Structures are given as C-alpha cells and as structure tokens.
Amino acid sequence: MSEISRLKTQITTRFSLGGFQIRSDACTFLAHQLHAFDETERKKWITNVANHVQGQCLSLPVVEKQHIELAIKEANNTGLDDTETIFRVISAFDVPTFAYCQEKKKFLLDTSKKSILAVPDAKSNYIRERYWLLWQRTCRHESFSLRLAPGTDETGQKSRLILRKVENILSTSKMNDVVLLGLLTQLTEGRYYLEDPTGSIPIDISTATFSSGLVCEGCFLLAYGKYRDGILKIDEVGFPFPEPAANSRAFYGSVNSWGGPSKKLLKYSQNLGELEKANPEHSIVFLSDCWLDNPLVMEKLNQLLRGYDEFPPVAIVLMGPFAKTNENLYSLRNLFQKLGEILSECEKLKAQTDLVIVPSIDDPAAANILPRPPIPDTLTVELKKRFPRTILTTNPCRLQYCTQQIVVCRADLVTKLCRNTIHFPKEGLLEAHFARTIITQSTLAPLTPIAFPTHWNYDAALSLYPLPDLIVIGDPCQGFHTTDQDCTVMNVGSFPKSKYAFKVYYPCSKIVEDSQIPDEE
C-alpha cells in the first residue's frame, strides 16, 4: 500500500468515527496536504481538521473538498482549540436551560429531558423561572441591597427599599411604601392584578406614573404604592432594573450558558478575541421578508449576492417568510433552487460565507408558535446541493462569531408589543422603548401566551439573560438600531417594503450599517 493510500485510510476512518462520509477527492486532497508531515503531526492534523469540519454544522454528513479547505484555513491561521470555532449557529432546541438556586445563589444547569409536548406543570414552571431570574437581579440592585464597608453602620446612609412578596402584603390590612415585583395579568375582565409565586393582588394604576418602555399584559412590573382595602394603589410603575451582561455572567461561572459544544463560555476565549480584533472588516449581513416568489425581490437578491461575492462576509442571514403567498407548499422547493443557482455562480461566497436560513412563523410546515423548527430539508435540498454552506436553523436561533453573541428572531415582535401595550409612552423614540422592554424583561416574549405563543419547555431559547452583544429582530415595521446596557437591539425591517434595505453588522467595532440595493437607472 502506498503512503498516500495508507494516509487516506486513516483520514476516512477518523471522519467515520465522527459520523461523516468524506468524498474521495476531498480525502485525496487532505492526504496530499499532510504527506510531508511525520506520523505524529499527521494524526494531530487529521483530528484538528475533523474537529473544524464538525464545527461547520454541515446540513448533511458528507464532507466535500471545500469543507476541508475551510477547515485547514481555520486551523492553520487561528491556532484555535478544538471547540473554538469562528462562526457557529445554535438551534433554539439546543440552548441550555438554567434554573436559579436560591440556596446557592447561582444558576444551575437543568439536565432533564425536554419535549415539545410538555406536561401541564411546564407552563407555570417557565413563568416562575422568569420571575426568579428577575427577582434575584432586582435584589442585587443598589436600591435594594445595602453594601457597607466593614466596621461602618447605617447612620447617614440612604434608606433602602424593601422588595415585598404578595403574601406579605395580603397578611396586613394596610401598608405604605410597598415595592412589589409581579406579573401583570387580568384574572377577571377589566381588572389588572400583579402576581408572584405566593399569590395575586388587585391593583389600581389609574393615577400611576409610568417609566419608559411598553407595558403589556404578560410583563413583569416593579410597582411602588400603598395597600388599602385589599387593593394596591400604585403611584409609580416601571420595569425591573436592567443589568450589564458582565455582572450577570458572574452567577454562571465559566460554564457555557450560551450553547454549542464548548464546555466553557467562548465569550472569554483569548484566541477568539484576538482573531476578532485582527479582522475589523468581517461582517454579517441580515435581511428579512425574503419573498423568493417575487421576481423583483429575486432580482435585488441577485444584485446583493453578486456584489458581496467580491468582498464575502462571514455570513448572510436570510429571514422569512420566503414566499409572499403560500398557496403551494412545494413551490418553495423551486424557489430555493433558483436561489441556489444564483449562489452557485458566486465562487468567493461558496468558499468563505455561510448562508443562514431563518424561517418565520408564516413559513410552511410548522405551527404559529416559537421556537419553530427549520425549513424542511425536502424544500431546500437543491439549494444545499448548489451552496453546501447553507445552514437551516430554528426561529429564534443564536449565532456565535468569535466572542460575539447574537440572538436572531423573525417575529412581528415590535408590532405585537405596540398593539398590546396598556400604556404607550408620550415621549421618546419607539426603538428606545422597545429595546428597554425586552432588555429589562430578559426575554423575547414579554407577552401573554395568547398574544405570543411559545413552547413552555423551550422558553430558554427566548431568554436574553445574560444580555447578548446583539439582538436582531425581523419585524416588517421600519428598521432601526439602538444600544442599551452595551447591548445593540436592531430591527432589520422588511427587505421589499423598505425599498430593499438591509443591515450589516461589524462585530469587531459593534457598528451597524444601514445598506440598500440602489435602483437601476
């Protein structure tokens, strides 16, 4: 047996152990690349390349030559560890779930097996966990926690507020200076209540002063007022205090709370941090409402993709719906095939850019509930043949680029919050109020399950705690971006309705660039 043949056998065996089938031309290419090394270096490189291929999240377990080329490039240029990947897409169903332990004052990983068909208790459990997350965060705020230097007393210190539970308030006939954290609900029609794990209490908000944000039923509120005659008369109402991500992560330790194969949080990876700084030109492109059944939209997508073929981004994220009308389910197969034909002619994109397909709740083959599964493989098989770096993912999903953490959600979330708010702020920009709402609520779904249906067992996929670096929303209203608590909140807007505008994010500088396909003269 020749040296190349023996090396090819080793390569095939190693990839088979990882569940992959490597193409003959790809195997030969890798064997020739490693032929000059000694036996020890060969084994090291085979393992390293195989791990990087695994990190590419291939849609099929078939390794092509371009996958090997990309893996060698990553392994050769970055010096990353096996679990450190430059770009990764994390499914909503793979996001780890953590529960707050009051005794240990930290978050512990929930290892129980989950299913979409949840038991009845799951509904109250996920709402309860949202409450405890916000409770522990609120208790740490300077307004409630008293931190004094050793040897000093409270003389002259500003009096701190006391966060109450509903059962404490109901145990007395009256109480002043009540501060309550509770879920805003309507237990009876036309009557609002605040609810926590210990009970519920009717409230009067007729003369209350509201802080910034979009207050909706299903939000957790921080209310201040006085309790009289069985009713909590609220003077001031707002959201729980936000918290910077760095402070929140201290209660998780080094465990990977984001998702992915790494045991440690890649946010702290020195290798990835250096790589991120070394590539300030790297970008991620976001589009929403990619109507592939609209000829003009396809023409503009063609212009965009061919334009980026000269300067390939790290990824292009296309959000649905992928058809303006869904009369025929299988018509999408032909539409995705046409998209694949365009992409197949973009050689640099094929070698360097991932195409991420995020469905909307209006796309076929899934119920109107989040998180929803990816577009079915049967509809995208031709696209993936022509563009192997296509990644079908869930809605919402998580992206990891080097140390950057990005949440992507294609839902009419801005519109739903505005439609369901019980108090619309008179001052301030909509984007600031929207960002404030989801950041303080620490979730993408701060609404009742009726207004925003979610799978109870997978509420962790909608969590925004600790805060990511970027939150990307696909809502057909006007696009915007704003920053709060060092977290950028961006609405992509509708690609066709905004005269073909889209957003570009530069992770190194955290800059969002507004872009648009120009009209042809």
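The values are calculated or read from the model by the stated rules, or taken from the named source; none is laboratory data. For clarity, every value in this text was computed on a predicted model and none was experimentally measured. Cβ atoms come from the backbone with ideal geometry, glycine included; neighbour counts cover every protein chain shown. Calculation scope for accessible area: heavy atoms of the full protein, side chains included, ligands and nucleic acids excluded. Shrake-Rupley method; radii C 1.70, N 1.55, O 1.52, S 1.80 Å.
Determine the relative contact order of the chain: mean sequence separation of Cα pairs under 8 Å and six or more apart, normalised by residue count, in whole percent. List each step's numbers first, then the result.
Working: 1000 pairs, mean separation 82.7, N = 521.
Computed over the chain, the figure is 16 percent.
Check each of the GluC sites (Glu not before Pro) in the range 1-110 and keep only those in coil by DSSP with at most 12 other C-beta atoms within 10 angstrom; list them in order.
Details: sites: Glu3, Glu39, Glu41, Glu64, Glu69, Glu74, Glu84, Glu103; in loops: Glu64, Glu84, Glu103.
Within the range 1-110, the qualifying GluC sites (Glu not before Pro) (loop, at most 12 other Cβ atoms within 10 Å) are Glu103.
Roughly speaking, to the nearest percent, how much of the range 3-76's 1.4 Å accessible area is carbon and sulfur?
Working: 1930 of 3730 Å².
It is 52 percent, rounded to a whole number.
Go ahead and collect, in residue order, the members of the range 12-45 whose backbone nitrogen is under 16 Å from a label point 7 Å along the Cα-Cβ direction of Glu347.
Under cut-off, by backbone N: nothing.
Determine ³J(HN,Hα), in whole Hz, for all residues of the range 503-515 in sequence, where each value follows from phi through the Karplus function 6.51 cos²θ - 1.76 cosθ + 1.60 and θ = phi - 60°; x replaces Gly and Pro.
Result, ordered by residue: 10, 10, 10, 9, x, 4, 9, 6, 9, 9, 10, 7, 10 Hz.
Can you compute 3J(HN,Hα) from phi for each residue in the range 475-485, using the Karplus curve 6.51 cos²θ - 1.76 cosθ + 1.60 with θ = phi - 60°, rounded to whole Hz and x for Gly and Pro?
So the J values, rounded to whole Hz, are 10, x, 6, 4, x, 7, 8, 8, 10, 8, 6.
Report, by chain and number, residues whose modeled amide H sits under 5 Å from the one on His423, excluding near sequence neighbours (fewer than 5 apart, same chain).
Val215
Taking 0.36 nm per residue of separation and subtracting the Cα-Cα distance, what length does fully extending Lys123 through Leu108 add? The partial results should precede the final answer.
Working: separation 15, 0.36 × 15 = 5.40 nm, distance 1.98 nm.
In short, 3.4 nm is gained.
Please report the antiparallel percentage of DSSP beta bridges with both residues in the chain, rounded to the nearest 5.
On the way: 56 of 85 bridges.
Among the beta bridges of the chain, antiparallel pairing accounts for roughly 65 percent.
When ligands, DNA and RNA are left out and all protein chains stay put, how many square angstrom of accessible area per residue does the chain have with a 1.4 Å probe? Don't skip to the answer; put the middle values down first.
Numbers: 23800 Å² over 521 residues.
Per-residue accessible area for the chain comes out at 46 Å².
Enumerate the lysines that Lys384 could reach by cross-link, defined here as Cα to Cα under 25 Å, with residues fewer than 8 away along the same chain left out.
Leaving aside lysines fewer than 8 places away in the same chain, those within reach of Lys384 are Lys65, Lys73, Lys300, Lys324, Lys338, Lys348, Lys350, Lys503.
Considering Cα pairs under 8 angstrom that are at least six residues apart, work out the relative contact order of the range 3-76 and quote it in whole percent.
Numbers: 63 pairs, mean separation 28.4, N = 74.
Here the relative contact order equals 38 percent.
Pull up all non-local amide H partners of Leu464: gap of 5 or more, or a different chain, and H-to-H distance under 5 Å with H placed in the peptide plane.
Thr443, Leu444
Given the -39500 (n - 2.57) contribution per DSSP H run of 4+ residues, what per-residue ellipticity at 222 nm results for the chain, rounded to the nearest 500 deg cm²/dmol? Kindly include the intermediate steps, with their values, before the conclusion.
Values: 14 runs with 158 residues, N = 521.
About -9500 deg cm²/dmol.
Which of the aspartates and glutamates could a cross-linker bridge to Lys264, judged by Cα under 19 Å and excluding same-chain residues fewer than eight apart?
Hits, sequence-local ones excluded: Asp81, Asp82, Glu84, Asp94, Asp110, Glu274, Glu276, Asp469.
Of all DSSP beta bridges located in the range 245-516, what percent are antiparallel, nearest 5?
Working: 22 of 43 bridges.
Expressed as a percentage, antiparallel bridges in the range 245-516 total about 50.
In the chain, if the dipole is taken from +1 on Lys/Arg beta carbons and -1 on Asp/Glu beta carbons about the Cα centre, which of Ala435, Ile391, Ser173 is farthest to the positive end?
Ser173
List the residues, sorted by chain then number, that are 5 or more residues from Asn395 or on another chain and whose placed amide H is less than 5 Å from its amide H.
Arg372
Of all accessible surface on the range 397-521 at a 1.4 Å probe, what whole percent is carbon and sulfur? Walk me through the intermediate numbers first.
Details: 2200 of 4560 Å².
In the range 397-521, the share of accessible area belonging to carbon and sulfur is 48 percent.
Of all DSSP beta bridges located in the range 286-441, what percent are antiparallel, nearest 5? Please list the in-between numbers first.
Details: 6 of 16 bridges.
Counting only bridges with both partners in the range 286-441, antiparallel ones make up about 40 percent.
As an exercise, identify the trypsin sites (Lys or Arg not before Pro) in the range 233-291 lying in DSSP coil whose Cβ has no more than 13 other Cβ atoms within 10 Å. Mind showing how you got there, number by number?
Working: sites: Lys233, Arg249, Lys263, Lys264, Lys267, Lys277; in loops: Lys263.
Counting only loop positions with at most 13 other Cβ atoms within 10 Å, the trypsin sites (Lys or Arg not before Pro) in the range 233-291 are Lys263.
Beyond a 20 Å Cα-Cα separation, which of these cross-linked pairs lie in this structure: Lys106/Lys263; Lys416/Lys497; Lys113/Lys165? If you can, show how the numbers build up before the last one.
On the way: Lys106/Lys263 18 Å; Lys416/Lys497 18 Å; Lys113/Lys165 32 Å.
In this structure, Lys113/Lys165 exceed 20 Å between Cα atoms.
Could you go through the range 169-182 in sequence order and give the Karplus-derived ³J(HN,Hα) for each residue, using 6.51 cos²θ - 1.76 cosθ + 1.60 with θ = phi - 60°, rounded to whole Hz, and x for Gly and Pro?
The phi angles translate into 6, 5, 7, 10, 7, 8, 7, 9, 6, 7, 10, 10, 9, x Hz.
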